[in-house]
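The values are calculated or read from the model by the stated rules, or taken from the named source; none is laboratory data. Note that the coordinates shown come from a computational prediction; the quantities given were computed from them, not determined experimentally. Here the Cβ is made from the backbone with ideal geometry for all residues, glycine too, and neighbour counts use every protein chain on show.
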Amino acid sequence: MSDLIKLPAATLGAMLSDGSVSAVEVTRAHLDHIDAVDADIHAFLHVARQSALDTAAAVDARRGAGEELGPLAGVPIAIKDVLATRDMPTTSGSKILEGWIPPYDATVVARLRAADLVPLGKTNMDEFAMGSSTEHSAYGPTRNPWDLERIPGGSGGGSAAAVSAFEAPLALGSDTGGSIRQPAAVTGSVGVKPTYGGVSRYGAIALASSLDQVGPVSRTVLDSALLHDVIGGYDPLDSTSLTSAWPSMAAAAQAGLADGALAGMRVGVVKELNGAGFQAGVTQRFEETLALLSAAGAEIVEVSAPNFEYAVAAYYLILPAEASSNLARFDSVRFGIRVNPEDGPLTSERVMAATREAGFGPEVKRRIILGTYALSAGYYDAYYGSAQKVRTLIQRDFDAAFESVDVLVSPSAPTTAFRFGEKLADPMAMYLNDITTIPANLAGVPGMGLPMGLAPEDGLPTGLQVMAPAGEDARLYTFGAALEQLLEASWGGPLLSQAPVLTPTEMFASEEGAV
Amino acid sequence: MSEITAEQVAHLAHLARIDLSPEEIDHLTADLVQIVDSVAKVSEVATPDIPATSHPMPLTNVFREDVVRPSLTVEQALSGAPARDGDKFRVPAILDEE
Amino acid sequence: MAKARLMDLDKALELYEPVLGFEVHVELNTKTKMFCGCANEFGQGANTNTCPTCLGLPGGLPQVNQQAIESSIRLGLALGCEIAEYSRFARKNYFYPDTAKNFQTSQYDEPIAFNGALTIELESGREVTIEIERAHMEDDAGKLTHKGGATGRIHGAEYSLVDYNRGGVPLVEIVTRMIEGGEADSPEIAKTYVASVREIVKALGVSNARMEEGNVRCDVNLSLRPRGSGQLGTRTETKNVNSLRSIERAVRYEIQRQAAVLEAGGTITQETRHWHEDTGMTSPGRPKSDADDYRYFPEPDLVPVAPSREWVEELRATLPEPPAARRKRLQAEWGFTALEFQDVVNSELLDLVEATIAAGASAPAARKWWTGEIARLANAQGVAADTLVAPAQVAALIELVDAGTLTDRLARQVLEGVIAGEGTPVEVVEKRGLAVVSDDTALIAAIDEALAAQPDVLAKIRDGKVQAAGAVIGAVMKAMKGQADAARVRELVLERSAG
């Protein structure tokens, strides 16, 4: 295994810039590692080997010609399959889109290309981003690099596993109710859900339009910041895009590395997100992290967000409602698969229904039916209408909390990675898994997930969630980078250096064959 | 408030154009009863005086200028079509006008 | 299609009171579509004006066309509507192959314009005020072509083809409140209302307003209430009525059909019905039912439209004079009879006549030329009158006639020259040498010659048989190649004969 793959994107960028390594070398190192481990991890649904090498060679040529390139030029990146890419299949983890190659790039993908990053391929995800485990991917689950029998989180388990298994230094994710932050927690990686409207959604296959946000996935806070700077900012193609002039997130992260960055920072602990049902080791690491913050001069304040109790309920009305409408376009007319009914007349209506029956997995069907119900005449006010009101209440809770604190913290997820199948039979238990991350999506505020150590009882990663007021994404990076520095000092290095070393699959397979 | 029946789920499946099997309808009916029971609590706090929030950011009047942007080529537009006939998308017979 | 039983219209109206309602869809003539930058053009190659947004591809997102908002607000104002301070788009969810997203982006409980009224005038002079409930924005669907089967219609078709060029074109849907008391005028009310809306959108310049191209489409809601009953009847919605004549016919047809059903003890099914131009009948479509659960909810990909009052007033200031008021004013100014004026209006010549008068022509002359010779020529060539000749040229032609330079007969020749591109009327007169010979010396010489050649005629005239002069006048006119004023020739003939 090449050491190149262990390096953060910021370091790789610097080495590429000073010529100590070429983009082709970096890309090849990652492709080789993908070849070695991804048969086990299954982080990727598609690996664009040749085009990645071609892109890398083009970047090297331009740099060789003296062109001034961006800080991440030549750095490889994995792209969640929810994002449209004109040169790679885009399936959103669903059978219904099998083999579809979009005729356009998502805005964030176009920005990656413009910044000369090197797309390695597309990462696995729960079908249409519905899930917390990638078990709902139509193409089989991704495995957690810390324990192949466990889930890597979801929906962006592929992106989180790719960075934590060193298959890519960076990845793009999307977060509708925690799909970036929860996988980060259970894989020991970093991920950020930006302020709603901070990153363009154009070309991101919509799950729930008013909740979805694309964001960076990485192994370090600074790397996420660098990627955030590339993908963020106003996009006229997304009407909910904010026109704000954003500060440099990378600069904000750098500021966090300075001495005393945490001194005087008021850190709110949300009472309602740190209670019953949380795994003991998660709570323990959370308490230790608070102590560390306090020791660094931060002021820990307990705050109450009484309406967070209703967040999961509101979320599981709003999301299915919007999703039921967003997923209506998958009808076998303009793209995607077409399935004819087994018998009876071949009408458009019946072919659509047969295609959707065959093309959607059980979780997608469950949520479409739930959303259709929530929007139905006679139920709208009680369900969807009420859920939108809860949203107002949750925003008010955030507003009140941010009057007295700078950031809010909670564990990113109530537990460490669970085993495959553990929660599959009980959809509501799976849904409750998102209790910590959902409020940020409902209110539109930014949230970051970063590692806070291994749970003593199972040796698996736990994650801290940090939230800031809308538009204050930079604050997350300053806080996150400062805390990351403290934590890594306490661990004696990055948490991921404690992850089990993955055996190359081929060797593993040949050993098995020999037996 | 959730008296969800299999008939109702079948109707929802029709609205959503999913040809669910009878077994799926039974499963989903049970799931929906459980989920709806659990999410119905939103109405506990959603009193009339609270305004609904449908967009997380309070933006208004976001407009695009009336200027033509390049369209896809016909080949791009039809590149993913399961069936085409010349430059048009082809679909099976349609039961009736909407 | 089975032929429905119809009741005689007079009898139907004796027994039932028709209650009407209209939904008129106006396609706006913006450069781009409602929610994306694809061109809003008619008659392009299939699927050439599409993008991820209007094609409903995964990941596509809408962006509101500001011009469409302005046009909608102006249309709302012209219909006397209030303009919402806060308006939202909503998704109307239903599956149909021409609807790329399988939801229409429309407006539901928060339309951009509401509470308007439009007063129309029937031919009898009766004025009817149509109350407008709302005017809301939405996007159009793509175009389906049905293939296979005998008729090319949807029924019996083997498959269909979809062209999404029209998908996403901006529409304003104007919905009226229930119209009662139309009585026997109901068909005319329907026609006149749609004509008035069309006239307004044309005057505003917000739509090409060509019904034959579907720029203005009308759905007619109609129910019958038994006389003396307070109870409203069940209504049908007749779609696809795309000419003024059809609208009138469709209303008449539905009154007669529903009356026959009710009279036979039947009930009206609440349904969509399709108008067939060729047969003049409506046929049943999809029945309205619980299935019409459109699950409207606010479009989360778009933010609310909250036009400031300043903006609304700015737009109000751009409104043209209402067409009905303008017509009244012009008719009075020009002194036309109702019949004369209607002739101008119905021939779509109002703007041209007005421009011709503005260029200096008298009102009667402008009307005479446009509704007469020019209309005849346009008709013969199958083109619109305004493509033949400009109002300024017509005014110049009229000036030449008024000055006596041209007789009507000569002027018609000059007009032909102008249309043929030979230049202005003055230039054509010069080039073709068509001016009236107003030099009496030349006329007298010709008259003397003609009288000398026909001594018998001269004798008759001298005997007082003045009508005999016709033969001499004809000969003179012939000699002058028609370029003489016949009245003047007559005067001179009598003068010379007396000599």
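Couple of notes before you dig in:
- Qualifying positions in segment C:97-120 - within 14 Å of chain A (Cβ to nearest Cβ), hydroxyl-bearing (Ser, Thr, Tyr) and surrounded by fewer than 22 Cβ atoms within 10 Å (Cβ to Cβ): C:Thr105, C:Ser106, C:Tyr108
- Pair list, Cβ under 6 Å, 6 or more apart: segment A:97-111 residue within 14 Å of chain B (Cβ to nearest Cβ), other residue assigned to a helix (DSSP H, G or I) and of a type outside the set (A, V, I, L, M, F, W, C): A:Pro103/B:Gln76
- Flag for C:Val418 being touching a Pro at 6+ places or on another chain (Cβ under 8 Å), assigned to a helix (DSSP H, G or I) and surrounded by 13 or more Cβ atoms within 10 Å (Cβ to Cβ): yes
- Qualifying residue in segment A:282-299 (condition: assigned to a helix (DSSP H, G or I), within 14 Å of chain B (Cβ to nearest Cβ) and surrounded by fewer than 17 Cβ atoms within 10 Å (Cβ to Cβ)): no
- Of residues in segment A:342-359 being at the interface with chain B (Cβ under 7 Å from one of its Cβ atoms) and not aliphatic (A, V, I, L, M), the one farthest from A:Ser94 (Cα to Cα): A:Thr347
- Exclusive hit being closer than 22 Å to A:Val303 by Cα and not hydroxyl-bearing (Ser, Thr, Tyr), set A:Leu346, A:Leu375, A:Leu370, A:Leu408: A:Leu408
- Each residue in segment C:373-413 was checked for being in contact with a Pro (Cβ under 7 Å, 6 or more places away or on another chain) and either hydroxyl-bearing (Ser, Thr, Tyr) or modelled with pLDDT under 90 (or both), and 1 of them qualify.
- Taking every residue in segment A:375-396 that is closer than 24 Å to C:Asp292 by Cβ and pairing it with any residue that is among the charged types (D, E, K, R) and part of a loop (DSSP other than H, G, I, E, B), at least 6 positions away or on another chain, the pairs with Cβ-Cβ distances below 6 Å are A:Leu375/C:Arg295; A:Ser376/C:Asp293; A:Ala377/C:Asp293.
- In the set (1) at the interface with chain A (Cβ under 9 Å from one of its Cβ atoms); (2) over 20 Å from A:Gly385 (Cβ atoms); (3) acidic (Asp, Glu); (4) in a helix (DSSP H, G or I), the condition left unmet by B:Asp26 is number (1).
- Number of the exception - B:Ser71 against (1) buried (at least 21 other Cβ atoms within 10 Å of the Cβ); (2) among the small types (Gly, Ala, Ser); (3) part of a helix (DSSP H, G or I): (3)
- Residues of segment B:65-76 include none that is modelled with pLDDT of 95 or more and on the phi > 0 side of the Ramachandran plot.
- Any hit, segment C:283-302, residues being assigned by TED's automatic domain parsing to the domain that holds C:Ser196, closer than 26 Å to C:Lys191 by Cβ and either of a type in the set (A, V, I, L, M, F, W, C) or at pLDDT 95 or above (or both): no
- Index of the failed condition, B:Asp66 passing every other in (1) crowded, with 18+ Cβ neighbours inside 10 Å; (2) within 7 Å of chain A (Cβ to nearest Cβ): (2)
- With respect to being touching a residue at least 24 places away in the same chain (Cβ under 8 Å), outside any loop (DSSP other than H, G, I, E, B) and of a type in the set (S, T, N, Q), C:Thr405 falls outside the description.
- Selection of first residues in segment C:37-49 that are within 7 Å of chain B (Cβ to nearest Cβ) and of second residues that are charged (D, E, K, R), restricted to Cβ pairs under 6 Å at least 6 apart or on distinct chains, gives the following pairs, ordered by first then second residue: C:Gly37/B:Arg69; C:Ala46/B:Asp87; C:Ala46/B:Lys88; C:Ala46/C:Asp163; C:Asn47/B:Asp87; C:Asn47/C:Asp163.
- Tabulated pairs, segment C:81-96, first assigned to a strand (DSSP E or B), second crowded, with 22+ Cβ neighbours inside 10 Å and charged (D, E, K, R), C-beta under 7 angstrom, 6+ apart or interchain: C:Ala90/C:Glu299; C:Arg91/C:Glu299; C:Asn93/C:Arg295
- Answer residue from segment C:195-252, given it is in a loop (DSSP other than H, G, I, E, B) and at positive phi and is nearest to the chain's Cα centre (by Cα) among those: C:Ala209
- Within segment C:164-175, if we keep just the residues that are part of a strand (DSSP E or B) and buried (at least 22 other Cβ atoms within 10 Å of the Cβ), the residue that is farthest from the other protein chains (Cβ to nearest Cβ) turns out to be C:Ile174.
- Residue list for segment B:17-42, restricted to those being acidic (Asp, Glu), touching a Lys or Arg at 6+ places or on another chain (Cβ under 9 Å) and modelled with pLDDT under 95: B:Asp31
- Qualifying residue in segment A:240-247 (condition: away from chain C (no Cβ under 14 Å) and out of contact with any helix residue (DSSP H, G or I) (no Cβ under 9 Å at 6 or more places or on another chain)): yes
- Within segment C:58-71, considering residues that are in contact with a Pro (Cβ under 8 Å, 6 or more places away or on another chain) and assigned to a helix (DSSP H, G or I), the one farthest from the other protein chains (Cβ to nearest Cβ): C:Ser71
- Subset tally (residues that are touching a residue at least 24 places away in the same chain (Cβ under 8 Å), among the aliphatic types (A, V, I, L, M) and in a helix (DSSP H, G or I)) for segment A:319-361: 5
- Any hit, segment C:280-291, residues being touching a His at 6+ places or on another chain (Cβ under 9 Å) and not in a strand (DSSP E or B): yes
- Restricting segment B:74-98 to residues that are at the interface with chain A (Cβ under 10 Å from one of its Cβ atoms) and of a type in the set (Val, Ile, Thr), the residue that is surrounded by the fewest Cβ atoms within 10 Å (Cβ to Cβ): B:Ile94
- Output for segment B:36-54, where each listed residue is at the interface with chain A (Cβ under 7 Å from one of its Cβ atoms), part of a loop (DSSP other than H, G, I, E, B) and out of contact with any Ser or Thr (no Cβ under 6 Å at 6 or more places or on another chain): B:Lys41, B:Ala52, B:Ser54
- Looking across segment C:295-315, just one residue is away from chain A (no Cβ under 14 Å) and of a type in the set (Lys, Arg), and that is C:Arg309.
- Qualifying residue in segment C:107-118 (condition: in contact (Cβ under 8 Å) with a residue 60 or more places away in the chain, farther than 23 Å from C:Glu199 by Cα and either of a type in the set (Phe, Trp, Tyr) or touching a helix residue (DSSP H, G or I) at 6+ places or on another chain (Cβ under 8 Å) (or both)): yes
- Screening segment C:433-442 for residues that are outside any helix (DSSP H, G or I) and among the β-branched types (Val, Ile, Thr) and picking the one that is surrounded by the fewest Cβ atoms within 10 Å (Cβ to Cβ) gives C:Val437.
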